[in-house]
Structures are given as C-alpha cells and as structure tokens.
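Right, one structure below, let's go through it.
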Amino acid sequence: MSKNGLKFIALSGTSGVTENLYVYEYGEDMIIVDCGVGFPDPEMYGVDLVIPDFTYIRQNAKKLRGIVITHGHEDHLGAVPFLLRDVKAPVYASRLTAGFLEDKLVDYKIKDCRVHVFDPDRDSLTLGVFKVTPFLVSHSVPDACGLAIDTPEGKLFHVPDYKFDWTPTSGKPFDVAKAATLASGGVLALASDALGSMSPGHTESEAFIEDRIESIIKNATGQVYFTTISSNISRMQQALNVAMRNGRKACFVGRSVDKKAEIARRLGYLTYPRDLVVNLKQARNYDKDHIMYIISGCYGQPGSALYRVALGEHQQLSLEEADTVIFSGDPAPPGSKAKVDFLVDRLFEMNVDVHYYDMQEDLHVSGHGSQEDIKFLFGLIKPKYFIPIGGTVRHMRGYRDLAVNMGAKPSSVLELPAGGVVEYKEGRASQLKPIPVRDVLVDGIDVGGVGNAVLRDRQILAEEGFVIVILHMDKTNGRLTENPELVSRGFVFEKKHKGFLENASKELKKRLDERKVSKAQIIRDESVNFLEKTFLAKTGRRPMIIPVIVEI
C-alpha cells in the first residue's frame, strides 16, 4: 500500500452487526475506531465470545496513535482488553463509555492502560496526522458519539450506532448543530450505521417506552422482573421512574446490571432517590407487590440471573404465578434467539405473566436510525462517498439504495467485506484487495485456540455423544485379553442398550483377533473404524469414539 494515500480498513463490522473494528491509516500513523465483541453461533459449542482478528494491527503496532471508542455497548468496546494484551496504545472515550471500559479493564487485569476521557461538547484529539472531533449522537446508551476525522486527504465522518431522538430519557439529543458545522467545509466520506436501512420511517423516541412499561406494572399484582441489556441505561432509567411512581422499590440483580447501574449513577447518567433502590437482602422485607427486580439475562444467557430464576436455581429469588416478567431490550442478536425462546418457554410453563418484545412491539424502541433518519444524516453531512457499517449484506444494500435515491452515484457507495480496504487519494476513492481476516474465538481464557476441528469435535459430542473403548492388551504379544469395555455417554443409555453394546464389544474383539492385530496404534484405528460403521448402521448416529489401551 502506498504511504501517501488514506486507508479506511474495516477489519470487522461490515459483514454482521457486531465485532465493530475500523482502522484509519495514513503513512506512519494509524488510529482505531471501536473494538467490539461478537456472539457465538449456536454450533460454536463452548465458545464464550467472538473477537476480531488483530493480526494487521499487531503487524503495524508502531503506527498506532490511539484507540477511540464511540459508545458503551459490548459490540463496540468489549474486545479492547484483548487488543491491549497485544498492543499498547492510549484509549479515548466519553465519560460514561470510559467508566464502562475502565471497569472491564479491571476485570481482565489490564493494568498498564489509561482511558483518556474527552468531552464531546468541546474536545478534539490530535493523534498523529489525524484530528478527531467527537460530537454527541442519540442512542440507547448515553454519551454515544460520532466522529469527524480531519486527515491530509480530507475530512471523514464516522457515525456508528445512532438515531435522532429529540426527547431522550438519558443524556442529550444528537448534536445536529455541531455535526453540521463540522461538515460545512465539505466531507470526503461518511462511514455510518446501516442496521436500520430496511425499516421505514423514523425510529421512535426512547420516551415512547415508558408509558407501556407503566401500564404493565400498574396491573401487576406480584413481583415484577424487568430485564434489558446491562448497558441500556436509558431503559433502566425508565424502569426506575415507573417503579417510583407505582410505589415499588427497585433491586438490581446480576453482576453486569448491578455494576453498570452503579457506574452510571456515580457519573450522573442514572438518577433516582437513594432510598428507591434496595439490595437483595433488603428486598425480602417488602411485600411482593412493592418490589421490582431489574435483572440480567434478557438474551437467555445460561447462568444469568433471570435464567437461574426461571429454572429454579437462584438461591434468593423464585417466581410465582402472580409475578410478571418484562423483556425490554434489543431483539436477540445472532446466535442467541434459541436461548431467549427457551427461557421464555420456561416462564410460560410457570404460568407467570410474560411480556416479550417478539409478541409486543411496543416493548422496544431501536437505538438505530431507520430510513428517514439515515436520509436525514446523509443530507446533514453531504459526503462524496458513503460506507455502510454495522449491518449484514441486506442492510448494506438498503443503505446503498437510500443514498442512490437521494442522488448519489452507485459507484460512490462502497460496500466492504470483512477486511475490506478503501484508499483515498486526491479526492478519489478506490477499493483495494481485502486484508485476510478471520473470527477469533474466545473459550474461557483461551483466545484463538478454538479452531474448526475443535468446534467439529464439540458438535459431535453435543449432538452424537461419545463412546469410550477400553481395550485390555497383553503387552507380551499385543493381543486383547478380553472383550473391550464400552462406556457410552450421550449416545445410548447403557442399561437400556446393554445387549447392543455387549454385541458390539464381542464383534470388535472377533474382528481384531481375526486380523491378528498386535500394534497399539493399529488396534486404536481399527477399533474406531469398526465401531463408527457399526453404530452408524445400527442407530444412524456417529458418536465420537475414544479408544483407551490398558497394557497388562
């Protein structure tokens, strides 16, 4: 790549709605905008998180002048601790976003990094050749920002998750005046949120939700469990407002909800009388129709507080038929829909009053701008080039159509794959060969060690089970001394299918004896091949076969 061109690199975030990670590079200077996590697909057994591929950043670490985070959602900041294990660079964020991020860095034991707080009303950042000027936008979390980035090739705007909400419940509205002023000298390119490009009209105000929540809680006769994503401070504020007006105490339940609520309260983004909120121990002193739990687990995450309550596994909370459960968050992200459905079904089985956004559209307002919001942003910024981010292929096509219908040339809308590169030179844009990238899977403390082979094994274990084959071998002649012992887990019940397993064991020994197999590795291979074929023919299933040789 030539050093005298400006590169925009979408390392992640243009082929899905999560894992946002973007690079701006000019000569020997480079900045990163956002660094988020994704969520595993259902077949990614045992995988906790998906993070972007940092290979290109590691290779160019000497150029990195800073990491700018636009807002406090996990798909924009959740991978920062993993990146900071590989590279050292200053991190910049608005006040609430910095509060969330600092807490996360403590959790991941990242000690040698300081998060620099900027004020989007007045600050600018000079990072090498880049001058980055933030401005406030509306979203479901306060203090979200768009960025105007001055470069030697011209000005670019980076506006990820946003909408135009003139009556936000927390924080300030989109700073249209500042954005217009920053754009007044001409804008080379706009990279902006495409997720709402298929939704007609304007996205409704967050304030729309509060009346609906109140109508449900007014009619609730028992405990109320209210669940939303832990960083949706605006929705939490509305829940607290409703609880206070209806004579209920509020109790935060779940580590993520409790921590983010405390950070937001401490920084002034979540406001309520101190005596409104009680802890779990204090909540027991109130009648059930005078308490509301704001609880984690709106995506059905196994082990979350609501999940444990629904399965009767929570040590301090339980549900009764008179209770109400309200789901009020973004529709389930990719990979989590089945988990939410499982949780909702368990709640229905308990005969509690369930209010779920899949059944009631008025329980959720998107944090992403719809078609008219996107068109308003296009008219406000008036860029020469458009880059859709934060969506799938269909969202990018919808974004392109909106731009073209407003008079943009089709060639001015640049749809990028993961790893896609745009180079700007002398006011013109061209797409270069994409940088090879892959999803990096996080399994506990193991980052990147889970590959396709491991996932394939886990899928077999989950769907087909496994059979351990214990082979007793005479070490003097290499022959089996008795029939192999077959131990089944997740394949067939041993008691019910004892005869089937015994016959398979006898047939395996007979085969090995007939072939006069006497080498340990050949015994293992023959055992696996024979049992795989036998089990597939008899049951239609192919469990994982694990041979174990015991020398006697």
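How about segment 402-412: which of its residues are of a type outside the set (A, V, I, L, M) and surrounded by 14 or more Cβ atoms within 10 Å (Cβ to Cβ)?
412
Which members of segment 533-552 meet the condition of being touching a residue at least 40 places away in the same chain (Cβ under 8 Å) and outside any loop (DSSP other than H, G, I, E, B)?
Correct list: 535, 539, 544, 545, 546, 547, 548, 549, 550, 551.
Return only the number of the condition from (1) over 30 Å from residue 325 (Cα atoms); (2) surrounded by fewer than 19 Cβ atoms within 10 Å (Cβ to Cβ); (3) polar (S, T, N, Q) that residue 371 does not satisfy.
(2)
Looking at 437, 421 in this structure, which one is over 20 Å from residue 539 (Cα atoms), surrounded by 14 or more Cβ atoms within 10 Å (Cβ to Cβ), at pLDDT 60 or above and assigned by TED's automatic domain parsing to the domain that holds residue 56? I'd like the intermediate steps shown before the answer.
Values: 437 fails: assigned by TED's automatic domain parsing to the domain that holds residue 56.
When all the criteria are applied, what remains is 421.
Could you check segment 467-481 and list, in sequence order, the residues that are outside any loop (DSSP other than H, G, I, E, B), farther than 7 Å from residue 552 by Cα and touching a helix residue (DSSP H, G or I) at 6+ places or on another chain (Cβ under 8 Å)? Reasoning before the result, please.
So the first thing to find is which residues in segment 467-481 are outside any loop (DSSP other than H, G, I, E, B), and the list is 467-473, 480.
If we keep only those that are farther than 7 Å from residue 552 by Cα as well, we get 467-471, 480.
Result: 467, 469, 471, 480.
Quick check: is even one residue across segment 29-43 at pLDDT 90 or above and in contact with a Cys (Cβ under 8 Å, 6 or more places away or on another chain)?
no
Among the listed residues 88, 172, identify the single one that is in the same structural domain as residue 423 (by TED's automatic domain parsing) and touching a Leu at 6+ places or on another chain (Cβ under 6 Å). If you could, list the steps in order and put the result at the bottom.
Working: 88 fails: touching a Leu at 6+ places or on another chain (Cβ under 6 Å).
Answer to the selection: 172.
Do we find a residue being in contact (Cβ under 8 Å) with a residue 12 or more places away in the chain and more than 24 Å from residue 205 (Cβ to Cβ) anywhere in segment 229-237? First the steps, then the outcome.
Within segment 229-237, the subset in contact (Cβ under 8 Å) with a residue 12 or more places away in the chain is 229-237.
Narrowing the set further to residues that are more than 24 Å from residue 205 (Cβ to Cβ) leaves none.
Checked segment 229-237: no residue is in contact (Cβ under 8 Å) with a residue 12 or more places away in the chain and more than 24 Å from residue 205 (Cβ to Cβ).
So which strands (runs of 3 or more DSSP E) are wholly in segment 258-368 and hold at least 3 residues that are assigned by TED's automatic domain parsing to the domain that holds residue 227, among the β-branched types (Val, Ile, Thr) and more than 25 Å from residue 103 (Cβ to Cβ)? Working first, answer last.
Numbers: elements: 291-295, 324-327, 353-355.
So the answer is 324-327.
I want to confirm something. Restricting to segment 18-40 and keeping residues that are in a loop (DSSP other than H, G, I, E, B) and in contact with a Pro (Cβ under 7 Å, 6 or more places away or on another chain), which single residue is nearest to residue 145 (Cα to Cα)? Give the steps one after another, and end with the answer.
Of segment 18-40, the ones in a loop (DSSP other than H, G, I, E, B) are 18-20, 27-28, 36-37, 39-40.
Then drop every residue that is not in contact with a Pro (Cβ under 7 Å, 6 or more places away or on another chain), which leaves 18-20, 39.
Details: 18: 17, 19: 17, 20: 15, 39: 23 Å.
Within segment 18-40, the match that is nearest to residue 145 (Cα to Cα) is 20.
Is there a residue in segment 122-129 that is among the charged types (D, E, K, R), assigned by TED's automatic domain parsing to the domain that holds residue 197 and more than 27 Å from residue 58 (Cβ to Cβ)?
In the first step, residues of segment 122-129 are kept if they are among the charged types (D, E, K, R); the result is 122-123.
Filter once more, so that each one left must be assigned by TED's automatic domain parsing to the domain that holds residue 197: 122-123.
The next check asks that each one be more than 27 Å from residue 58 (Cβ to Cβ); those that pass are 122-123.
Checked segment 122-129: at least one residue is among the charged types (D, E, K, R), assigned by TED's automatic domain parsing to the domain that holds residue 197 and more than 27 Å from residue 58 (Cβ to Cβ).
Checking the structure you have, find out if any residue of segment 378-401 is surrounded by fewer than 19 Cβ atoms within 10 Å (Cβ to Cβ), in a strand (DSSP E or B) and either modelled with pLDDT of 90 or more or touching an Asp or Glu at 6+ places or on another chain (Cβ under 8 Å) (or both).
Taking every residue of segment 378-401 in turn, at least one turns out to be surrounded by fewer than 19 Cβ atoms within 10 Å (Cβ to Cβ), in a strand (DSSP E or B) and either modelled with pLDDT of 90 or more or touching an Asp or Glu at 6+ places or on another chain (Cβ under 8 Å) (or both).
Which residues, taken from segment 504-532, are of a type in the set (S, T, N, Q) and in contact (Cβ under 8 Å) with a residue 40 or more places away in the chain? Steps first, answer last, please.
The first filter runs over segment 504-532 and keeps only residues of a type in the set (S, T, N, Q), leaving 505, 518, 521, 527, 529.
Across segment 504-532, the qualifying residues are 518, 527.
Of (1) farther than 30 Å from residue 502 by Cβ; (2) modelled with pLDDT of 85 or more; (3) outside the structural domain of residue 108 (by TED's automatic domain parsing), residue 443 satisfies all except one. Which?
All conditions are met except number (2).
So which residues in segment 247-285 are small (Gly, Ala, Ser) and in contact (Cβ under 8 Å) with a residue 12 or more places away in the chain, if there are any at all? Please lay out each step first, then the result.
Step one: list which residues in segment 247-285 are small (Gly, Ala, Ser), which gives 247, 250, 254, 256, 261, 264, 268, 283.
Answer for segment 247-285, where residues must be small (Gly, Ala, Ser) and in contact (Cβ under 8 Å) with a residue 12 or more places away in the chain: 247, 250, 254, 256, 261, 264, 283.
The values are calculated or read from the model by the stated rules, or taken from the named source; none is laboratory data. Keep in mind that this is a model prediction, so the values were computed, not measured. Please note: Cβ atoms are built from the backbone with ideal geometry, for glycine as well, and neighbour counts cover all protein chains shown.
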